[in-house]
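A short write-up of the structure that comes next.
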Amino acid sequence: MTVVAEGRPGGAPAAEGAPLLQLRGISKSFGAVQALVHVDLDVPAGQVTALVGDNGAGKSTLIKTISGIWAPTSGEIRWCGEPVSIRSPREADDLGIATVYQDLALCDNLDIVQNMYLGHEILSKRLLDENRMELTAKQTLADLSVTTVQSVRQPVGSLSGGQRQSVAVARAVMRDAKLVIMDEPTAALGVSQTAQVLDLIKRLAERGIAVIVISHNLSDVFAVADRLAVLYLGRLVDSGPITDYDTQRAVELITTGAANGNGAPTNGRGHHPGTGE
Amino acid sequence: MASVDTPTPSEPVTGAVADGEVPLEVAASAPVLATTLGGYLRAWLKRMRSGESGVLPVVGGLIILTVIFQTQSSVFLSAGNITNLLIQGSTFVVLGMAEVWLLVLGEIDLSVGYVSAIGAAITAIMIGPPHPLPLWFAMPVGVVVTGAVGALWGTLVIRLRLPSFVVTLAGLLGGEGVLIWLVNGNGTGGTIRIENNVFLDLTSGNLSLAAGWIVTIAAVVVFGGLIFLRDRSRRRSGLVAAPLVVTLAKIVGLAAAGVALVLVCNTNRGELVTLQGIPYAVVIVIALVVLTSFMLDRTRFGRYLYAIGANAEAARRSGVSLGWNRLWAFVLTGVTAGIGGMLYAARLGSVSNNVDGGTLVLYAVAAAVIGGASLFGGRGKMVHALLGGIVIATIYNGMGLIGLAADYQYMITALVLLAAVTVDALARRGRTTS
Ligand SMILES: Nc1ncnc2c1ncn2[C@@H]1O[C@H](COP(=O)(O)OP(=O)(O)O)[C@@H](O)[C@H]1O
Ligand SMILES: [Mg+2]
């Protein structure tokens with residue numbers, strides 16, 4: 001995979017082979033509720049990792065600990081091999097972790113450019129530099145081959161679901177994200193728009209970005225993912241290259257937390273760093 | 001910035017980009033549409049239909065009202081009456097602008113009527129006997145006080161998470177009390193008379209004929225130039241800009257409006273003495289609209305107000321400070337209301353303890369909403385308050401001319417307000433279904 005973004009000083013450790021993001025023994029409890037129990041997960045750059053699990057399995061909680069919304073109760077997060085603590089969305093942002101939330105968090109009254117730059121406006125002489133923002137926003141959309149929007153100056157409220165999702169993703173990518181997390185990106189979309197978004201996800205990975213996708217839709221997962229990680233009642237019961245799974249096995253893991261059928265599940269701790277393809 | 005265009009070999013089909021020399025154009029195919037006059041008009045029509053009707057309804061309403069009043073009373077469109085109407089309207093406009101800061105956020109301030117009167121009363125007391133303080137000191141003090149009141153409302157709303165509607169309703173009631181207390185405490189009966197001529201000139205003074213021309217021409221040159229430069233820099237950057245014809249039409253329109261204003265205001269409207277020139281009040285209001293519009297459109301702060309008003313959670317996740325931006329909006333509402341209070345007091349020549357702050361604030365909100373601001377947050381401009389305030393002043397003034405009293409005036413204003421919120425609601429529906 002080609003890593004597109006150049007001139008990145010932090011890129012060195014990744015070259016040594018450590019996955020971009022490593023979770024080690026992450027636990028999170030809300031009072032008596034153990035939402036995550038000792039989760040180990042590797043997220044390599046340039047690949048799409050699908051995070052699946054039943055309702056309440058802890059998927060959202062897991063990505064929220066990565067994106068700085070909750071601090072884990074215990075465990076370690078390593079970024080490019082280095083232990084980090086992510087205490088706020090800002091800190092996640094600074095590391096290069098961008099989260100596209102299920103509700104997208106867009107402002108309908110603002111146009112595409114304004115949404116893409118919200119909170120990170122380019123200023124010149126302390127005033128908004130609209131032209132520069134518009135040019136960069138257009139460039140980013142073009143890079144991602146987002147071709148369906150008519151004008152980048154149209155209010156986001158007038159866009160279709162797939163277009164909104166594209167804007168939310170472009171917004172994440174534009175900030176030089178190294179990891180893009182997407183929570184149920186296709187849940188609200190029709191068939192063609194889903195295809196559009198899956199395409200976009202693949203393109204992110206091609207650009208060397210690590211992608212974590214939460215999805216309930218296994219056909220989407222098998223269409224787009226390079227790796228699969230299954231959560232069951234807060235435990236990461238299995239993870240590995242998508243080629244190790246078929247739909248039946250994935251469904252069993254999701255619903256029972258174990259695969260009874262053939263194949264030797266890499267139960268529990270998953271795999272070791274560097275076990276990519 | 002990041003990753004400047006390096007199509008990977010494995011780039012999937014997406015033919016449009018693959019063979020396109022200029023991937024820029026792909027992201028937005030609208031440019032072709034809008035660089036011609038016809039395309040521009042079509043894009044504009046489409047916007048209208050999708051609910052972005054802009055200021056069109058209020059301008060249309062204003063024209064209808066003008067036609068009605070002119071047919072009923074031939075003096076309505078006389079130079080003297082138009083100038084008078086603009087002075088009357090200045091208070092509604094500025095108080096409406098005060099509301100716009102908060103309406104954009106989806107909040108409201110019901111206290112601006114009394115708070116503005118309180119600011120004016122404080123200034124009036126300070127510049128009155130026995131020890132008159134200088135105006136340059138007393139006016140800012142009045143405005144700082146109203147700004148501080150705004151900060152108080154804002155703190156209550158933000159910190160205690162109280163609805164602004166209720167906090168400022170308390171402010172409306174309490175404000176009347178404070179106003180009466182201030183005025184009565186001054187020991188001059190039920191009113192504080194204002195003798196300071198400079199203060200009174202806020203609404204009764206005029207630019208000289210020559211100054212009117214100079215100021216207007218300068219303003220037209222500056223703003224026309226800015227419009228031109230902005231469109232040109234967009235074209236140079238390869239961005240969609242309005243066709244040159246449209247840019248020029250805008251500038252010509254601006255110049256025509258400026259010339260019309262000078263011609264109307266420079267006509268002698270006095271009966272016994274000569275009375276002519278652009279009223280200071282008009283200059284102040286226009287300057288205020290320009291300044292505040294600039295803050296809303298061109299600064300980060302303004303952008304954040306719109307974002308918060310539409311989706312506070314989205315703004316928060318983007319790193320926007322909800323607390324500070326909202327607090328500043330409340331402060332600016334107070335400050336703007338304070339300025340409106342000065343204009344109000346100057347026109348009446350006094351501050352009395354029976355100022356009807358309740359009606360004033362309703363006119364203020366009505367002005368903003370009639371102009372096109374939304375009560376639901378996320379939408380509203382200063383120019384909306386300007387146009388809406390002129391509509392209200394037109395009704396107020398026109399009704400007076402044709403001899404209809406307060407009863408009709410209130411009823412007609414109510415109808416216009418209903419029409420305006422209906423347009424707003426229909427526009428919202430148009431947007432969401434599009
Ligand atoms: N803020 C919270 N407070 C208390 N419990 C929570 C909170 N967020 C999630 N949980 C609990 O943690 C568990 C995992 O939830 P979640 O991560 O949302 O699951 P998923 O996204 O996989 O459906 C659930 O039992 C849920 O009730
Ligand atoms: Mg969830």
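The values are calculated or read from the model by the stated rules, or taken from the named source; none is laboratory data. Values in this document were obtained by computation on a predicted structure and should not be read as measured data. All Cβ positions, even for glycine, are placed from backbone atoms using ideal geometry, and neighbour counts span all protein chains on display. In case anyone asks, the SASA skips ligands and DNA or RNA and just uses the protein heavy atoms, side chains included. Shrake-Rupley method; radii C 1.70, N 1.55, O 1.52, S 1.80 Å.
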TODO: Would you mention how many residues in region A:222-250 are aliphatic (A, V, I, L, M) and away from ligand 1 (no atom under 16 Å from the Cβ)?
DONE: 4
- [ ] May I ask you to list the residues in region B:187-240 that are at pLDDT below 90, closer than 29 Å to B:TYR344 by Cα and open to solvent by less than 50 Å² (accessible area, probe 1.4 Å)?
- [x] B:GLY189
- [ ] Considering (1) part of a loop (DSSP other than H, G, I, E, B); (2) within 14 Å of chain B (Cβ to nearest Cβ); (3) away from ligand 2 (no atom under 16 Å from the Cβ), say which one A:ASN131 fails and leave the rest.
- [x] (1)
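Answer yes or no: is there a residue in region A:90-101 that is within 16 Å of ligand 1 (Cβ to nearest atom) and either part of a loop (DSSP other than H, G, I, E, B) or at pLDDT 90 or above (or both).
Yes, region A:90-101 has at least one match.
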- [ ] Could you tell me which numbered condition A:PRO83 fails, if it satisfies all but one of (1) away from ligand 2 (no atom under 16 Å from the Cβ); (2) buried (at least 18 other Cβ atoms within 10 Å of the Cβ); (3) more than 14 Å from chain B (Cβ to nearest Cβ)?
- [x] (2)
Open item on the list: Here is a list: A:ILE66, A:ILE77. Which entry is among the hydrophobic types (A, V, I, L, M, F, W, C), within 16 Å of ligand 2 (Cβ to nearest atom) and closer than 21 Å to A:ARG227 by Cβ?
Closed with: A:ILE66
- [ ] From the list B:MET48, B:MET1, pick out the single residue that is surrounded by fewer than 17 Cβ atoms within 10 Å (Cβ to Cβ), within 14 Å of another protein chain (Cβ to nearest Cβ) and modelled with pLDDT under 60.
- [x] B:MET1
- [ ] Quick one: count up the residues across region B:269-318 that are among the aliphatic types (A, V, I, L, M) and within 8 Å of chain A (Cβ to nearest Cβ).
- [x] 4
- [ ] Have a look at A:ARG153, A:ARG171, A:ARG90 and point out the one that is buried (at least 24 other Cβ atoms within 10 Å of the Cβ), within 11 Å of chain B (Cβ to nearest Cβ) and of a type outside the set (Asp, Glu).
- [x] A:ARG171
Task: Positions within region A:241-251 being surrounded by fewer than 18 Cβ atoms within 10 Å (Cβ to Cβ) and either in contact with a helix residue (DSSP H, G or I) (Cβ under 6 Å, 6 or more places away or on another chain) or not in a strand (DSSP E or B) (or both), in sequence order - done: A:THR243, A:ASP244, A:ASP246, A:THR247, A:GLN248, A:VAL251
Open item on the list: Of the residues A:ALA50, A:ALA71, A:ALA57, A:ALA45, only one is farther than 23 Å from B:ARG317 by Cβ, part of a loop (DSSP other than H, G, I, E, B), within 15 Å of ligand 1 (Cβ to nearest atom) and not acidic (Asp, Glu); which?
Closed with: A:ALA57
- [ ] May I ask you to verify whether B:ILE308 is surrounded by 19 or more Cβ atoms within 10 Å (Cβ to Cβ) and within 21 Å of B:ALA151 (Cα to Cα)?
- [x] yes
- [ ] Output the number of the condition that B:LEU156 fails; it satisfies all remaining conditions of (1) in contact (Cβ under 8 Å) with a residue 12 or more places away in the chain; (2) in contact with a helix residue (DSSP H, G or I) (Cβ under 6 Å, 6 or more places away or on another chain).
- [x] (1)
- [ ] Kindly indicate whether any position in region B:270-282 is open to solvent by less than 40 Å² (accessible area, probe 1.4 Å), out of contact with any strand residue (DSSP E or B) (no Cβ under 8 Å at 6 or more places or on another chain) and assigned to a helix (DSSP H, G or I).
- [x] yes
Open item on the list: So A:LEU106 passes all but one of these: (1) facing another protein chain (nearest Cβ under 7 Å); (2) at positive phi. Which condition number does it fail?
Closed with: (2)
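Can you confirm whether A:GLY119 is under 15 Å from the mean Cα position of the chain (by Cα), within 14 Å of another protein chain (Cβ to nearest Cβ) and more than 16 Å from ligand 2 (Cβ to nearest atom)?
Criteria not met by A:GLY119.
Table: residues versus (1) within 25 Å of A:TRP79 (Cβ to Cβ); (2) within 8 Å of another protein chain (Cβ to nearest Cβ).
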{"residue": "A:ILE112", "(1), (2)": "no, no"}
{"residue": "A:LEU141", "(1), (2)": "no, yes"}
{"residue": "A:VAL149", "(1), (2)": "no, yes"}
{"residue": "A:GLN163", "(1), (2)": "no, no"}
{"residue": "A:MET182", "(1), (2)": "yes, no"}
{"residue": "A:PRO185", "(1), (2)": "yes, no"}
Open item on the list: Residue under question is A:ALA35, and the condition is that it be within 13 Å of ligand 1 (Cβ to nearest atom), in contact with a Phe, Trp or Tyr (Cβ under 7 Å, 6 or more places away or on another chain) and not charged (D, E, K, R); does it hold?
Closed with: no
Open item on the list: Residue under question is B:ALA98, and the condition is that it be assigned to a helix (DSSP H, G or I), surrounded by fewer than 22 Cβ atoms within 10 Å (Cβ to Cβ), out of contact with any strand residue (DSSP E or B) (no Cβ under 6 Å at 6 or more places or on another chain) and small (Gly, Ala, Ser); does it hold?
Closed with: no
Open item on the list: Which count do you get for residues in region A:176-212 that are within 16 Å of ligand 1 (Cβ to nearest atom), under 24 Å from A:ARG249 (Cα atoms) and open to solvent by less than 10 Å² (accessible area, probe 1.4 Å)?
Closed with: 3
TODO: From the list B:LEU239, B:LEU244, B:LEU248, pick out the single residue that is within 14 Å of chain A (Cβ to nearest Cβ) and farther than 30 Å from B:ASN84 by Cβ.
DONE: B:LEU239
Task: Failed item in (1) at pLDDT 95 or above; (2) open to solvent by 10 Å² or more (accessible area, probe 1.4 Å), with B:LEU77 passing the rest - done: (1)
